[in-house]
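Notes follow once the structure below has been shown.
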Amino acid sequence: MKNILVTGGSGFIGANFVRYLLEDSGLRDKDYNRIVNIDLLTYAGNPENLDGVKEKFPGRYFFEQADICDAKAVDDIVIRHQIDTICHFAAESHVDRSIAEPDAFINTNIRGTFNLLEVFRKHQDTIELFHHVSTDEVYGSLGAKGYFTEQTPYDPSSPYSASKAASDHLVRAYHRTYGLPVTISNCSNNYGPYQFPEKLIPLIILNAFEEKTLPVYGKGINIRDWLYVTDHCRAIWMIMNHGKRGETYNIGGRCELKNIDVVKTVCNILDKMKPLTNGGLRQDLIRFVKDRPGHDLRYAIDCTKLENELGWKPVETFETGIKKTITWYLENPGWVNRVKTGEYQSWIDRQYDV
Ligand code: NAD
Ligand code: DAU
């Protein structure tokens, strides 16, 4: 794996992954030539997420603004940078947007993945690995008991998860039909620095900090399995290096929490870090709002395969990870304020008719 193409490297997890590869993975100069980030810079892509990286790693990190749906552009980048490995993050990623405007999800998540696979099929002789980053949402919803394993049948609920399921099937089909060397990972909910504040945790952090209302869907009883983003990045890198080709690995934090408890935890931490001037509690800002249509009740990942085969374990607990995350948002008001202008505000306004 000498020349690695990261798609969607300017988004939340992609940017953390590029930083992890260059700064923390132990990848040394002699191990690789270059990391190339291809990103369209949609509303979710932010060049600031990788500020300073090009300067810190001269001749090692390259950015290419392009659409993964543009096969010619991707082919040109693969040839120019002599790419032999791909880690594919680029996607439309927000469930609520997929319910409101599904079109882009079908295009980027299905057509875009198909395009990448076709380009890599063309260069199959020189390709070592296509790693596909996917989600636990392809498995649908759990009841009160049980876990998602790699054998759980696909049963997606939203246009987002259906489009990710389709992309997973395509990646698997290219392995079985054309022998393309692939690995797939299906991960639970991530949180951490650089996450676009349309997602629950950064939205609640920013609203709670600014003493705005905290929207909780339905009764707040839906459960997600939370994982700090760097633990996800480390798992992906382990799978890329040591995972069996053609195999799928589930990644999760063994950290199931009800949404209402996540929101209350953020409120409590912020109350301690930045007490309200009137002495009040941020929990009082919680408002139960209309539920998400098709809202999956519970996600919980069984990641025994990843733990036993590759020896992965998360480093962060929710307690340590959420404190780091809140601190990061408080310490980066410039990033926050720039992200909140334009598209972000118009999405929030469309959501709550303010
Ligand atoms: P994100 O929305 O923060 O970032 C997506 C990135 O993809 C952005 O930089 C965007 O500009 C880019 N992009 C979108 N369409 C593109 C196109 N047509 N061509 C090129 N670039 C394009 O998403 P994220 O939360 O970082 O998620 C990354 C991947 O991880 C996705 O595939 C998602 O399904 C998966 N995933 C996310 C989570 C999570 O909790 N966020 C959990 C499991 C899996
Ligand atoms: O499970 C992995 C998935 O996690 C990823 O594949 C997706 O890309 C990622 O967006 C995330 O999906 P969720 O829908 O679970 O994440 P979100 O942060 O949007 O919502 C988390 C939970 O919080 C969910 O049950 C809906 C609820 N919610 C969300 C928002 C934005 C609220 O109650 N209020 C909110 O304002």
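Regarding Trp226, is this residue touching a Gly at 6+ places or on another chain (Cβ under 7 Å), within 16 Å of ligand 1 (Cβ to nearest atom) and open to solvent by 10 Å² or more (accessible area, probe 1.4 Å)? Yes.
Each residue in region 1-16 was checked for being touching an Asp or Glu at 6+ places or on another chain (Cβ under 7 Å) and more than 8 Å from ligand 1 (Cβ to nearest atom), and 3 pass. Taking the listed residues Thr177, Thr135, Thr183, Thr152, the one that is within 15 Å of Ser93 (Cβ to Cβ) and either within 19 Å of the chain's Cα centre (by Cα) or open to solvent by 10 Å² or more (accessible area, probe 1.4 Å) (or both) is Thr135, with no other qualifying. Restricting region 51-74 to residues that are of a type in the set (A, V, I, L, M, F, W, C) and more than 23 Å from Leu117 (Cβ to Cβ), the residue that is surrounded by the fewest Cβ atoms within 10 Å (Cβ to Cβ) is Phe57. The single condition from (1) among the small types (Gly, Ala, Ser); (2) open to solvent by 40 Å² or more (accessible area, probe 1.4 Å); (3) at positive phi that Ala144 fails is (3). Would you tally the residues in region 261-307 being assigned to a loop (DSSP other than H, G, I, E, B) and either out of contact with any Lys or Arg (no Cβ under 6 Å at 6 or more places or on another chain) or surrounded by fewer than 19 Cβ atoms within 10 Å (Cβ to Cβ) (or both)? Summing the residues that are assigned to a loop (DSSP other than H, G, I, E, B) and either out of contact with any Lys or Arg (no Cβ under 6 Å at 6 or more places or on another chain) or surrounded by fewer than 19 Cβ atoms within 10 Å (Cβ to Cβ) (or both) in region 261-307 gives 19. Residue pairs whose Cβ atoms lie under 6 Å apart, sitting 6 or more positions apart in sequence or on different chains, and linking a residue in region 216-228 that is at negative phi to a partner that is crowded, with 23+ Cβ neighbours inside 10 Å and small (Gly, Ala, Ser), are Asp225/Ser188; Asp225/Gly252; Asp225/Gly253; Trp226/Gly253; Leu227/Ser188; Leu227/Gly253; Tyr228/Gly192; Tyr228/Gly321. For region 21-47, name all the residues that are more than 13 Å from ligand 1 (Cβ to nearest atom) and not in a loop (DSSP other than H, G, I, E, B). Correct list: Leu21, Leu22, Glu23, Asp24, Asp29, Lys30, Asp31, Arg34, Ile35. Scanning region 134-151 for residues that are assigned to a strand (DSSP E or B) and over 24 Å from Ile236 (Cα atoms) yields one hit, Leu142.
Screening the candidates Arg121, Arg111, Arg80 for the property of being open to solvent by 50 Å² or more (accessible area, probe 1.4 Å), modelled with pLDDT of 95 or more, of a type in the set (Lys, Arg) and within 9 Å of ligand 1 (Cβ to nearest atom) yields one hit, Arg111. Within region 308-354, the residues that satisfy the criterion of being under 19 Å from Val262 (Cβ atoms) and not in a helix (DSSP H, G or I) are Pro314, Glu316, Thr317.
If you take the residues in region 91-101 that are in contact (Cβ under 8 Å) with a residue 60 or more places away in the chain and away from ligand 1 (no atom under 11 Å from the Cβ), which one is surrounded by the fewest Cβ atoms within 10 Å (Cβ to Cβ)? Among residues in region 91-101 that are in contact (Cβ under 8 Å) with a residue 60 or more places away in the chain and away from ligand 1 (no atom under 11 Å from the Cβ), the one surrounded by the fewest Cβ atoms within 10 Å (Cβ to Cβ) is Ala100.
Taking the stated definitions as given, is Ile86 part of a helix (DSSP H, G or I) and on the phi < 0 side of the Ramachandran plot? So Ile86 does not fit the description; no. No other residue among Leu306, Leu270 is of a type outside the set (S, T, N, Q) and under 27 Å from Ser134 (Cα atoms) apart from Leu306.
The values are calculated or read from the model by the stated rules, or taken from the named source; none is laboratory data. Given the structure is predicted, the values throughout are model-derived calculations rather than measurements. Virtual Cβ from ideal backbone geometry, glycine too; neighbours counted across all protein chains shown. To get the accessible areas, we keep the full protein, side chains included, count just its heavy atoms, and leave off ligands, DNA and RNA. Shrake-Rupley method; radii C 1.70, N 1.55, O 1.52, S 1.80 Å.
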